1. Just one of Asp78, Asp89 is open to solvent by less than 70 Å² (accessible area, probe 1.4 Å) and outside any strand (DSSP E or B); which is it?
2. Look at region 373-393 and say how many of its residues are out of contact with any helix residue (DSSP H, G or I) (no Cβ under 6 Å at 6 or more places or on another chain) and open to solvent by 30 Å² or more (accessible area, probe 1.4 Å).
3. Just one of the numbered conditions (1) in contact with a Pro (Cβ under 9 Å, 6 or more places away or on another chain); (2) open to solvent by 70 Å² or more (accessible area, probe 1.4 Å) is not true of Leu100; which one?
4. All but one of (1) farther than 30 Å from Asp4 by Cβ; (2) open to solvent by 60 Å² or more (accessible area, probe 1.4 Å); (3) modelled with pLDDT of 85 or more hold for Met95; which doesn't?
5. For region 156-167, check the following and say yes or no: at least one residue is polar (S, T, N, Q), open to solvent by 60 Å² or more (accessible area, probe 1.4 Å) and at pLDDT 70 or above.
6. Would you call Thr243 at pLDDT 65 or above, in contact with a Phe, Trp or Tyr (Cβ under 6 Å, 6 or more places away or on another chain), open to solvent by 10 Å² or more (accessible area, probe 1.4 Å) and of a type in the set (S, T, N, Q)?
7. Taking the options Ile167, Ile223, Ile273, Ile265, name whichever one is among the β-branched types (Val, Ile, Thr), in contact with a Cys (Cβ under 6 Å, 6 or more places away or on another chain) and in contact (Cβ under 8 Å) with a residue 40 or more places away in the chain.
8. Would you say Ala328 is modelled with pLDDT under 85 and not in a loop (DSSP other than H, G, I, E, B)?
Amino acid sequence: IYADPAKRLELYFRPKDPYCHPVCANRFPTSTMLLRVRRSTKRKQQLDTEEQIQPEVQFEMEILGIVTTVYKFQGMSDFQYLAMHSGPDGKQTSMYDKVLMLKPEKEEFFNRDLPLYIPPPIFSRLDTPVDYFYRPDIQHRSGYNNPQVSGENLIGLSRARRPHNAIFVNFDDEEIPTKPLDAAVQNWKKVCTNPMDKKVEEELRKLFEVRPVWSRNAVKANISVHPDKLKVLLPYLAYYMLTGPWRSLWVRFGYDPRKHPEAKIYQVLDFRIRCGMKYGYAATDMPVKAKRSTYNYSLPITLKKQGSHTVSVHDLKQGLGSAGASGAKKPPSSRYKLKESVYIFREGALPPYRQMFYQLCDLNVDSLQKIIHRNDGTESECTERDGWCLAKTSDDLRDSMSLMIKQIIRSTRPALFSNTTSSEDGKEQLAYESGEDEDDEEEEEEDFKPSDGSENEMETEILDYV
């Protein structure tokens with residue numbers, strides 16, 4: 001526990017009871033000393049019986065060391081669930097000898113008739129008291145109608161859509177929008193109050209003229225704009241594709257990639273770095289760090305967790321002074337720019353994250369481009385899975401990219417591959433479905449700051465607009 005600063009110290013009142021729920025201590029830095037204090041008492045001889053002579057007491061102190069970390073149990077103990085059964089007479093009977101298998105048992109052990117015992121699937125997620133503020137019924141703006149919710153959906157919407165006014169388009173929608181919503185126009189006009197905002201708007205317009213389809217990370221790597229302003233600017237100039245080969249991408253108003261075969265170079269590739277013992281290296285050997293892992297799970301309770309700062313329209317008009325102060329060392333032209341590696345794949349370089357969304361035109365490797373352009377001039381149909389490319393093109397690209405990444409890891413950490421034979425090297429067939437061993441990485445419990453400043457490699461900006 002001490003070796004991992006993200007974990008909490010657990011105390012079990014009944015260590016041998018697998019149903020015992022622990023209390024947790026939080027880790028705090030401190031600068032204190034560990035002292036050894038000795039108290040010695042020296043009694044003097046009593047000459048006169050009438051007078052009481054006080055013994056002489058001396059203290060000796062010695063510094064043994066410096067304490068830099070302390071664990072404090074500040075929470076409450078959770079409910080404890082015992083394996084007990086209540087009989088008809090109200091008497092409690094222990095069931096530990098019946099439900100715990102401490103040694104290999106015969107078939108009779110599993111066929112016994114026992115009282116029903118179902119432990120809770122999860123305990124409390126909080127161990128400190130909090131005030132629960134009950135909310136009144138949501139009061140939406142005038143003209144808002146609750147969405148139609150089917151009977152199968154037991155959880156409805158608790159709030160209205162966020163006022164960014166993006167237009168979402170599915171692959172099977174017949175029409176595509178040619179202009180933004182009026183609310184999106186008003187939203188940007190309200191925020192665009194200084195010359196820098198006008199300049200950013202013109203730069204983004206030029207980007208969409210050169211290339212009609214962009215990912216948000218690619219935009220961030222080409223222009224310097226605060227992420228909260230970009231949320232308002234993108235719906236003003238483009239619509240968002242939800243499904244199909246251009247999913248999670250922003251498309252210029254009036255441009256329909258389903259009608260233009262040349263738009264296949266803008267299709268998206270969901271690529272995830274493959275790791276596992278069958279590939280020669282485990283997840284812990286990966287040079288690319290994951291934001292979180294199921295192998296290092298810690299309880300979701302942390303003290304003094306930093307709350308997210310809500311940015312208001314006033315902050316946007318003022319240029320977000322707090323964010324500007326933190327990046328004062330960078331020039332305004334590149335303060336919010338990301339590195340090219342967040343959207344461009346190059347041979348010989350590792351991706352910054354284990355999961356990346358690349359556009360096909362941003363795969364800067366000749367062998368990959370040959371796979372993409374195998375059917376140039378013969379495109380006949382745009383499908384939802386492969387777009388204008390040949391079937392299985394995405395699988396072929398992932399296999400080639402995985403072999404490139406494995407070669408990079410092999411060159412940087414040859415000890416990992418010392419046991420692999422040359423015959424196996426020539427037959428590396430990585431038949432692996434994307435995402436088999438990698439869970440979706442969203443918000444991180446672990447303190448991890450990406451090197452290039454990206455807020456989320458998963459490109460789930462749809463959550464910013466719904």
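The values are calculated or read from the model by the stated rules, or taken from the named source; none is laboratory data. Source: prediction; values computed, not measured. All Cβ positions, even for glycine, are placed from backbone atoms using ideal geometry, and neighbour counts span all protein chains on display. Keep in mind that these areas ignore ligands, DNA and RNA; they rest on the heavy atoms of the full protein, side chains included. Shrake-Rupley method; radii C 1.70, N 1.55, O 1.52, S 1.80 Å.
1. Working: Asp89 fails: open to solvent by less than 70 Å² (accessible area, probe 1.4 Å).
The conditions single out Asp78.
2. Looking only at that region, the number is 13.
3. (2)
4. Every listed condition holds for Met95 apart from (2).
5. Filtering region 156-167 down to residues polar (S, T, N, Q) leaves 158, 165.
So of that shortlist, the ones also open to solvent by 60 Å² or more (accessible area, probe 1.4 Å) come out as 158.
From what's left, at pLDDT 70 or above: none.
There is no residue in region 156-167 that is polar (S, T, N, Q), open to solvent by 60 Å² or more (accessible area, probe 1.4 Å) and at pLDDT 70 or above.
6. Working: at pLDDT 65 or above: yes; in contact with a Phe, Trp or Tyr (Cβ under 6 Å, 6 or more places away or on another chain): yes; open to solvent by 10 Å² or more (accessible area, probe 1.4 Å): yes; of a type in the set (S, T, N, Q): yes.
Yes; evaluated as a whole, the condition is true for this residue.
7. Working: Ile167 fails: in contact with a Cys (Cβ under 6 Å, 6 or more places away or on another chain); Ile223 fails: in contact with a Cys (Cβ under 6 Å, 6 or more places away or on another chain); Ile273 fails: in contact with a Cys (Cβ under 6 Å, 6 or more places away or on another chain).
Answer to the selection: Ile265.
8. Working: modelled with pLDDT under 85: yes; not in a loop (DSSP other than H, G, I, E, B): no.
Judged against the criteria, Ala328 is not a match.
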